[in-house]
Amino acid sequence: MRSLPVADPGVPDHRSATRYLWWLAVRTWPSMAAGIAWGVVWMVSQALMPAVIGKAVDAGLADRDRGALLTWGAVLLALGLVQAAAGIIRHRLAVFNWLAGAYRTIQLTIGQANRLGATLPKRLATGEVVSIGTADIGHIGNALDVTARGAGSVAAIVTIAAILFSTSVPLGLVVIVGVPLLMVLVGGLIRPLHRRQQAYRDQQGKLTTRAGDIVTGLRVLRGVGGEATFAARYRAESQALRSAGVRVARVESVLEAAQVLVPGVFVVLVVWLGARFALRGEITPGELVSFYGYASFLIAPLRTITEMIDKMTRGHVAARRVVSMLALRRDLAEPAHPASLPDGDGDLVDAESGVVVRPGRLTAIAATAPEEAAAIADRLGRYVDGEVTLSGVPLRDLPLATVRERILVADNDGRLFSGPLRAELAGPDGDRSDERIAAALVAASASDIVEALPAGLDTVVAERGREFSGGQQQRLRLVRALLADPRVLVLVEPTSAVDAHTEQRIAARLGPARAGRATVVCTTSPLVLDRADHVLFVEDAKVAAEGSHRELLETEPRYAAVVTRGEES
């Protein structure tokens, strides 16, 4: 799929949302054009029926001409068949357009989320993303769906106005003048509705974010006794959203009433004028019947046009949300002139801290402050910019896809997705054999987790892996990282949630499992540090000492103090 032409990285304006809807329409222009064409045929065939009925009354009933009555009856039947067939085709195309607009938007937003990566949570709340994938796609789909019926309604009104104008100038003028006045009236209601819908949509996104936060942290909230407090906050925000919804509903109710009342008054006016003209002999009885049919039929296209304005407005509000997400840019830009890496594996060097990661070795980073080790891991994986080189080439000069392929950073913020455990561990390619999965499970001391599951690797994992404990989730994330088998694997506190016996097994098996690959472990666990090939002690964000674990224990008191605290905790 080609990328959306949103060039301005700033806040999108009205034109940007309109351009997005137009872009969606252009992408599906064959079905859009066909839907509009069949919508016109569908509505115009209905608009011609009152004229045919009037001809049947005048030529068949009034003149008692059976042949003319049968002829016009056949014409009416033909129009009915055309209208039915056109309606079916139009509906099918409209549904296709709805699906195309809605799911193309999903594809774009998911692709943008993948491109943004770690930047997305910093710029956009979870509730906003969820609302785009639930409510907004429906409004965008409706905006494309209604175009076929809206175009047909406009064509039907023009057709009826032309027929009325050719028969009776006053009645034609009523339609020609009345319809624009109706649209002006509806437009006056749409503007406040637009504003209130925007406010409602903003509050809805915030409440969704609040709900997600509560559900994610429910176990912690119960542990600290904060469940009631957060529930009260959610209740208050929910009531505020309800009030905003009521304000939207008030305008919508007036709009719905106007859709019935104003066309109804319009019908009464046309029928009253037609009856007066018939009594004066200016029009025939058949034409009077036709005028009543026109007036009654006009209710449908007039309501459809009102509906189109409403859905277009809602679609525009939703499109602005989508454009605001698509306009986001990553914190880290792609290099203007991407470099390439030399053959073979080289050192990964962070000049800011002095950390050097050599190929084929298990390197441990023990920092006095855990956040310092996490910051180094972010720089090594290029989640933040830094003076980092791989095989002598600055990471900022490499395409991000190359960096992600070579270097994998696995921390405790990773999530387990819903679906079969085998697919969750094997990754999107799904080409990991059972032997490799079993070996990774052994290395991460996670075989017991799979053995306890009812269907083993084929067990379906719930959302976020909530059926697993914190330590089990941590071990399964380690399995997933080992199966990815990157050239450089950076692990941030991979054993912080497991017991000492399990940690001992993981520490003993991690090095052999990563033989021939570079592995970095950010930890202060003496069990893991003792198994590392090389240990870097970081203080004040700089490498203060390095060597083996036992050498540093004997020669570096600051390191010993950090490790001792780790053992006592």
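The values are calculated or read from the model by the stated rules, or taken from the named source; none is laboratory data. Note that the structure is a prediction, hence the values are computed from the model and not measured. Here Cβ is always computed from backbone atoms with ideal geometry, including for glycine, and neighbour counts include all displayed protein chains. Ligands, DNA and RNA are stripped out before the accessible areas are found, and what is left, the full protein with its side chains, is counted by its heavy atoms. Shrake-Rupley method; radii C 1.70, N 1.55, O 1.52, S 1.80 Å.
Assorted remarks:
- Accessible-area composition of the range 405-542, carbon plus sulfur, in percent [1.4 Å probe]: 49
- Legend: residues Thr523, Thr555, sorted from most to least accessible area (1.4 Å probe; ligands, DNA and RNA excluded), read Thr555, Thr523.
- Where only DSSP H runs of four or more residues are counted, the chain gives -22500 deg cm²/dmol as its mean residue ellipticity at 222 nm, each run worth -39500 (n - 2.57).
- Each pair of Cα atoms in the range 357-445 enters the Kirkwood radius, and Stokes-Einstein at 20 °C and 1.002 mPa s then converts it into a translational diffusion coefficient of 137 µm²/s.
- The 1.4 Å probe gives accessible areas that order Val450, Val130, largest first, as Val130, Val450.
- Cα-based Kirkwood hydrodynamic radius, the range 22-124, one decimal, Å: 17.1
- The range 337-485, Rg to Rh (Cα coordinates; Rh as Kirkwood inverse mean 1/r): 1.01
- Centroid-to-centroid separation of the range 390-429 and the range 85-126 [C-alpha atoms, Å]: 26
- Relative to the longest principal axis of the Cα atoms of the chain, the long axis of helix 169-216 makes an angle of roughly 20 degrees.
- Solvent-accessible surface (1.4 Å probe) assigned to Arg196 amounts to roughly 90 Å².
- The residue list Ala86, Thr389, Val26 was ranked by how far each Cα lies along the charge dipole of the chain toward its positive end, using unit charges on Cβ atoms, and Ala86 comes out on top.
- Signed unit charges on C-beta, dipole axis of the chain, positive-most listed residue Ile36, Ala423, Val271: Val271
- Each residue was assigned an accessible area with a 1.4 Å probe, and for Leu69 the value is about 70 Å².
- Charge dipole of the chain (Cα centre as origin; +1 on each Lys and Arg Cβ, -1 on each Asp and Glu Cβ, all else neutral): 2520 debye, rounded to the nearest 20.
- Karplus 3J(HN,Hα) series, Hz, for the range 323-328 with 6.51 cos²θ - 1.76 cosθ + 1.60 (x for Gly, Pro): 4, 4, 6, 5, 7, 5
- Whole-number accessible area per residue in Å² for the chain, which is evaluated in the context of all protein chains at 1.4 Å: 49
- Three semi-axes of the equivalent ellipsoid, the range 322-383, Cα gyration tensor, whole Å, largest first: 28, 20, 9
- Volume per residue that the Cα convex hull of the range 411-526 spans, once the total is divided by residue count, Å³: 99
- Largest accessible area first, the listed residues Trp272, Trp38, Trp98 line up as Trp272, Trp38, Trp98 when surface is computed with a 1.4 Å probe on the assembled protein chains.
- The stretch between Ala455 and Gln107 holds 122.0 nm of extra length on full extension. This uses 0.36 nm per residue minus the Cα-Cα distance.
- Relative contact order (%) - the range 84-176, alpha-carbon pairs under 8 angstrom, separation at least six: 35
- With DNA, RNA and ligands ignored, accessible area of Ser418 (1.4 Å probe; Å², nearest 10): 80
- Per residue, the convex hull spanned by the alpha carbons of the chain comes to 199 Å³.
- Fully extended contour minus Cα-Cα distance, from Val26 to Ala236, at 0.36 nm per residue: 71.3 nm
- In this calculation the C-beta distance from Val271 to Leu99 is compared with R0 = 45 Å, giving a FRET efficiency of 0.65.
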